[in-house]
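Colleague: So that we are looking at the same thing, I have put the structure below in structure tokens.
The values are calculated or read from the model by the stated rules, or taken from the named source; none is laboratory data. Since this is a predicted model, take the numbers as computed values, not measurements. In this analysis, Cβ positions are derived from the backbone assuming ideal geometry, glycine residues included, and neighbour counts consider all displayed protein chains. With ligands, DNA and RNA removed, areas are computed over all heavy atoms of the protein, side chains included. Shrake-Rupley method; radii C 1.70, N 1.55, O 1.52, S 1.80 Å.
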Amino acid sequence: MSDQTQAQSPSYRPLPDRVVVVGAGMAGVQTAVALREQGFPGTVVLIGAEPHQPYDRPPLSKAVLLGKAEGSAFDVDFEALDIDLRLGSEALGVRPGDHELDTAAGPVPYDVLVVATGAEPIRLPGAEGVPGVHLLRTLDDAERLRPVLARQHDIVVVGAGWIGAEFATAAREAGCAVTVVEAADRPLAGALPAEVAAPMAAWYADSGATLRTGARVERIEPGAVVLDDGSRVPADAVVVGIGARPATAWIAGSGIELGAHREILADDHLRTSLPDVYAVGDCASFPSGRYEERLLVHHWDNALQGPRTVALNIVGQTPAAYDPVPYFWSEQFGRFVQYVGHHAPGDTLLWRGDPAGASWSVCWLREGRLVALLAVGRPRDLAQGRRLIEAGAAMDPELLADPSRPLKGATA
Ligand SMILES: Cc1cc2nc3c(=O)[nH]c(=O)nc-3n(C[C@H](O)[C@H](O)[C@H](O)COP(=O)(O)OP(=O)(O)OC[C@H]3O[C@@H](n4cnc5c(N)ncnc54)[C@H](O)[C@@H]3O)c2cc1C
């Protein structure tokens, strides 16, 4: 630690000399950039396993997949910011007693460590290494899939979640025959209640894709996916989109406390159970005071917002607890879908508009207050809803259900 002088206050903490950030995705890059924005003068090392210049993931299932964009590298000048970027370097473990990170290239000392290793896709049992089976998480994955789309093959997508829907959208646009097989009885079963997912299921057929729900993959054979009812679906290629889990296997045994989903259990300032170690982005959950439960958020906005809290902590300011209103978007079947907030099973659901139409929203109320909103083609609802959720506004259900009325005019 440096002996740089700072005003001595009860919250005084010496400024570290050297911050090491592991994971050069959105959360890692933003942490390094936020440290410089906060005036951090010391060494910042950013270590990433992938060989590519750090890049943004959302375009991978959209413009990059369709060849409309070559790549999605972040517009960050690491050299100008004096960030020591080490690519193609995998972290293998943490030795907290020595304040050292082990990497394939040797040990890296840290005063403060930030873990931002994101998430990795869940693999389909038995499909590993089978030719023609793909995942969609990295730039390499997207580049492998581009020629598959260009060949206009028969494609089977396993999983009707956010990634499955976006991939199916791109594959239909490229002219492929697409069948999506989903083990649950509806798309997005883990994220949305049945009545909200119902109109979204119709989007698959509208786009010319076949959606088969209640369908489990038994095995993958050359040229086909065999389902548990014995049916064979022709497949020149298979794309597996059945979720992602935190990429934390490498910290096993370090003493960093993990949760049931292998996520790092961070506190409300994104500190881990180890001193001088923070965790941010897809790899970590945090306790939400707003929603009174621990949240594990696998969306871009969380990887954008969390780093600011981490950087403020590191430079010795004590920021407010990290308690965001989560936000994400998805572009599927020609629709712009946005979700803000967080709902739970007991919340009251209210529709704004006709779900068979081009644009509609769904609101969730808890004790009369807006806690979450899903907007399809209604970005204004989203923007206003976000502010109302942040403010904890009490709503008038009757006014809220009228889609011709601005959402902000529907407060009680
Ligand atoms: C195809 C796709 C489309 C998406 N679209 C949307 C969208 O439309 N809207 C939305 O809100 N969200 C979207 N997301 C989610 C969003 O991209 C993620 O939430 C965000 O990327 C999380 O950032 P992160 O930095 O926490 O993790 P990641 O982006 O996963 O970055 C982590 C990085 O750490 C590296 N790493 C892992 N282990 C190690 C190790 N041991 N040593 C060194 N480096 C390591 C990884 O290689 C990776 O580069 C999408 C995700 C994908 C995959």
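Colleague: Could you pull out every residue, at least 5 positions away or on a different chain, whose amide H is within less than 5 Å of the one on residue 103? Hs are placed 1.01 Å off N in the peptide plane, and Pro or chain starts have none.
Modeller: Amide H neighbours of residue 103, under 5 Å, 5+ apart: 92, 108.
Colleague: For the chain, with only Lys/Arg (+1) and Asp/Glu (-1) charged at the beta-carbon, what is the dipole magnitude about the Cα centre, in debye rounded to 20?
Modeller: That gives a dipole near 800 debye.
Colleague: Another question about this same structure. How much accessible area per residue does the chain have, in Å², with a 1.4 Å probe?
Modeller: Spelled out: the 1.4 Å probe surface of the chain, per residue, equals 43 Å².
Colleague: Could I ask something else about it? Normalising by the residue count of the chain, find the relative contact order in percent from Cα pairs under 8 Å and 6+ residues apart.
Modeller: In percent, rounded to a whole number, it is 14.
Colleague: For the stretch 90-99, what does the Karplus curve 6.51 cos²θ - 1.76 cosθ + 1.60, with θ = phi - 60°, yield as ³J(HN,Hα) per residue in whole Hz, taken in order and with x for Gly and Pro?
Modeller: Taking θ as phi minus 60°, the curve returns 8, 7, 10, x, 10, 10, x, x, 8, 6 Hz for the stretch 90-99.
Colleague: Okay, moving on. Report the residue, chosen from 88, 190, 97, that carries the largest GNM mean-square fluctuation when the chain is represented by alpha-carbon nodes joined by springs under 10 Å.
Modeller: Checking each option, the largest mean-square fluctuation is seen for 97.
Colleague: By how many nm would the segment from residue 356 to residue 194 lengthen if fully extended, with 0.36 nm per residue of separation less the alpha-carbon distance? Could you put the intermediate results ahead of the total?
Modeller: Details: separation 162, 0.36 × 162 = 58.32 nm, distance 1.49 nm.
Answer, rounded to one decimal: 56.8 nm.
Colleague: Relative contact order for the stretch 123-242: what is it in percent, counting Cα pairs under 8 Å that are at least 6 residues apart?
Modeller: With pairs under 8 Å counted, the relative contact order is 34 percent.
Colleague: Beta carbons within 10 angstrom, averaged per residue: use that to sort the peptides 123-132, 306-315, highest first. Intermediate values should be presented prior to the final figure.
Modeller: On the way: 123-132: 12.5, 306-315: 23.8.
The peptides rank, most packed first, as 306-315, 123-132.
Colleague: For the chain, with all protein chains present and a 1.4 Å probe, just round the carbon and sulfur fraction of the accessible area to a whole percent.
Modeller: With neighbouring chains kept in place, the figure for the chain is 50 percent.
Colleague: Now for a different question. If I build a Gaussian network model for the chain, linking alpha-carbon pairs within less than 10 angstrom, which residue out of 240, 217, 371 has the largest mean-square fluctuation?
Modeller: In the Gaussian network model the winner is 217.
Colleague: Mind putting a number on the dipole of the stretch 123-242 about its Cα centre? Charges go on the C-beta only, +1 for Lys and Arg and -1 for Asp and Glu, and I need it in Debye to the nearest 20.
Modeller: 120
Colleague: Using alpha carbon centroids, what distance separates the stretch 234-252 and the stretch 92-115, in Å?
Modeller: What the calculation gives is 26 Å, centre to centre.
Colleague: Per-residue ellipticity at 222 nm for the chain, helices alone: DSSP H runs ≥ 4 residues times -39500 (n - 2.57), over residue total, nearest 500 deg cm²/dmol?
Modeller: It lands at -6000 deg cm²/dmol.
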